[in-house]
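The block underneath contains the structure these notes are about, expressed in structure tokens.
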């Protein structure tokens, strides 16, 4: 069936220029965002569009775009655009008329096919509405349940009534996942929940979450009777959180298409949610999980049958595009995804890096490397953008490989938003079993991974600075001036000790005691600091000092344990054996 889903276009309320849209809408307006939407309509349609706006009329009407031939669309201006006083955006809904009519006749055929498939496989098909808490059942009379709508609670009770005691916990787990809205699910229950047929020994329950008009969430699934205890294995595996393809399987798909089939015009894109860690820290992991599902749904909706989406870790997704004729076609996909995310999820942006086979690289691994490099560029340039690798704008594969393997800081594999615990594990393994890198590189790596303003390593006997790192390491002069006049052991203030660390968020806060120390720190504009003393493997006393100069910071309490572990890692080394920077 052709895709006749409704397109939503956001235009500015004052001059009607395009703010966001999907790929087809960008084509309709010829990628021009600086002129009003009505400029792309025929004269008659433009007049009616403006009249509807003036009248605040939210009814459907027919419009034609200045395409060849002129394409008719059913159009409606969303009612909420008129209800919001002083609103700066207007939502316009478009639906292709000719495909809508074609699909209407095909829908009847699809319903007949639907009933036939249920009859062939003896399945009980259900639609669960979480919002209305109802279940709609369809079956070909093989099951013990009647067609129609019933309360979800009653349906779950009917399933439980047919379940034996041994399988009750498994069924309860299924019901719990259904209520929680798991995006994709499959499980076998070793009893007959379907009917009274003694030959049915178990059933398989599976479902998929879809998003209908106005973002209404519906779970569609089926209960399939099995006449053996075996379960049906699917070749495709899925990420249980987002319902997208698993990392292993989408990697296999990409490798097969690029390395085996050598399918030209195949593209890879890596999407990363900007500042996702801050979302989890500020709003909690439950909100973060919901955000991952929403972004995954947007990608799948925009790509449709033009490719596949897989989650490859954390907040990163890989999009595999089966066939993109040129950069313009790929750009339409990526722009659509980026703009829809921003429109549907206010305050959320994404960064995307993409590359096309074989123009950018001759195999999957190298193509992924180039796409990942473009994602790094997108984030470095300020995020909220997509970058497609082209030889006219970007270095070739050989230079990207050389850049990846060189540089001042390349100890940890992964981008700078890799969880700090994961980065620290890599550093600890390297320090324990690998060749010791320069001390300055180790300190700089950890400081950047932990997003620290200033991290410094000192030898206490002569107050020598051994290494420094961080976003504001230029401020080390102020810290050095303080250290030169004070014994670092003075920083061990019992009142503020946490796991052997002296932790002070706000030096200028008038606390009881330590007046001289606070005054000395303030003299050098050191407003926040952490002091971590340790002794290295040779018995040499040393310390890590984290500081912020000229501004106060509230240290991340969750990261304190990592700061302590980093100092413990250095304590197992003989600092004098490190190679020079």
**Request:** Pull out the extension gain between residue 399 and residue 464, defined as 0.36 nm times the separation in residues minus the alpha carbon to alpha carbon distance; nm, one decimal.
**Result:** 19.5 nm
**Fill in**
If each part is reduced to its alpha-carbon centroid, the range 45-117 and the range 134-194 end up apart, in Å, by 38 Å
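Let me make sure I get this right: for the range 142-197, a, b and c are the square roots of the gyration tensor eigenvalues over alpha carbons, sorted descending. Under 1.5 in a/c it's rounded, otherwise prolate if a/b > b/c, else oblate. Which is it? Don't jump to the answer; show the numbers that get you there.
On the way: a/c = 1.64, a/b = 1.10, b/c = 1.49.
Oblate.
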**Message:** Taking the number of other C-beta atoms within 10 Å as the exposure measure, put 34, 155 in order starting with the fewest.
**Reply:** 34, 155
**Complete:** Of every Cα-Cα pair in the range 420-577, the percentage lying beyond 26 Å is 20 percent
**Asked** Taking 0.36 nm per intervening residue step and subtracting the Cα-Cα distance, what contour gain separates residue 173 from residue 43 on full extension?
**Response** 40.9 nm
**Fill in**
In whole angstrom, the spacing between the Cα centers of the range 539-581 and the range 257-295 equals 33 Å
**Complete:** Computed over the chain, the distribution of all Cα-Cα distances in 10 Å bins, rounded to whole %, is 3, 13, 18, 19, 18, 14, 9, 4, 1
**Item:** 0 to 90° range, to nearest 10: angle between helix 43-55 axis and the chain longest Cα axis
**Value:** 70 degrees
**Prompt:** Where does helix 152-161 land angle-wise versus the long Cα axis of the chain, in degrees 0 to 90, nearest 10?
**Reply:** 90 degrees
**Prompt:** How big is the Kirkwood radius of the range 253-360, worked out from every pair of different alpha carbons and given in Å to one decimal?
**Reply:** 14.4 Å
**Fill in**
One point scatterer per Cα, no solvent, Debye formula: log10 I(q)/I(0) for the range 294-355 at q = 0.13, 0.24, 0.30 Å⁻¹ comes out as -0.32, -1.11, -1.56
**Prompt:** Taking the Cα-to-Cβ direction at residue 220 and at residue 561 and moving 7 Å from each Cα, how far apart do the two end points lie in nm?
**Reply:** 4.5 nm
**Asked** Is the range 419-476 rounded, prolate or oblate when judged by the Cα gyration tensor, a ≥ b ≥ c being the square roots of its eigenvalues, rounded requiring a/c under 1.5 and prolate requiring a/b larger than b/c?
**Response** oblate
**Relative contact order [Cα under 8 Å, 6+ residues apart], the range 289-393, whole percent** = 21 percent
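Of 274, 499, how do they rank once you tally other Cβ atoms within 10 Å and put the fewest first? Don't skip to the answer; put the middle values down first.
Values: 274 19, 499 11.
So the residues, fewest neighbours to most, are 499, 274.
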**Message:** Taking the number of other C-beta atoms within 10 Å as the exposure measure, put 27, 555, 60, 207 in order starting with the fewest.
**Reply:** 60, 27, 555, 207
**Item:** Ranked by how many other beta carbons lie within 10 Å on average, peptides 158-164, 20-26 from highest
**Value:** 20-26, 158-164
**Asked** Taking the DSSP beta bridges in the chain as the whole, what percent of them are antiparallel, to the nearest 5?
**Response** 95 percent
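Which of the three applies to the range 122-226, rounded, prolate or oblate, going by the alpha-carbon gyration tensor with a ≥ b ≥ c and a/c under 1.5 meaning rounded?
Cα axes put the range 122-226 in the prolate bin.
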**Message:** Could you work out how much longer the chain between residue 540 and residue 285 gets when fully extended? Use 0.36 nm per residue separation minus the Cα distance between them, nm to one decimal.
**Reply:** 87.6 nm
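Just so you know, all these numbers are worked out from the coordinates, no wet-lab data involved. A quick note: this is a predicted structure, and the numbers were derived from the prediction, not measured. Quick reminder, even Gly has a Cβ in these numbers, built from the backbone with ideal geometry, and neighbours come from all protein chains shown.
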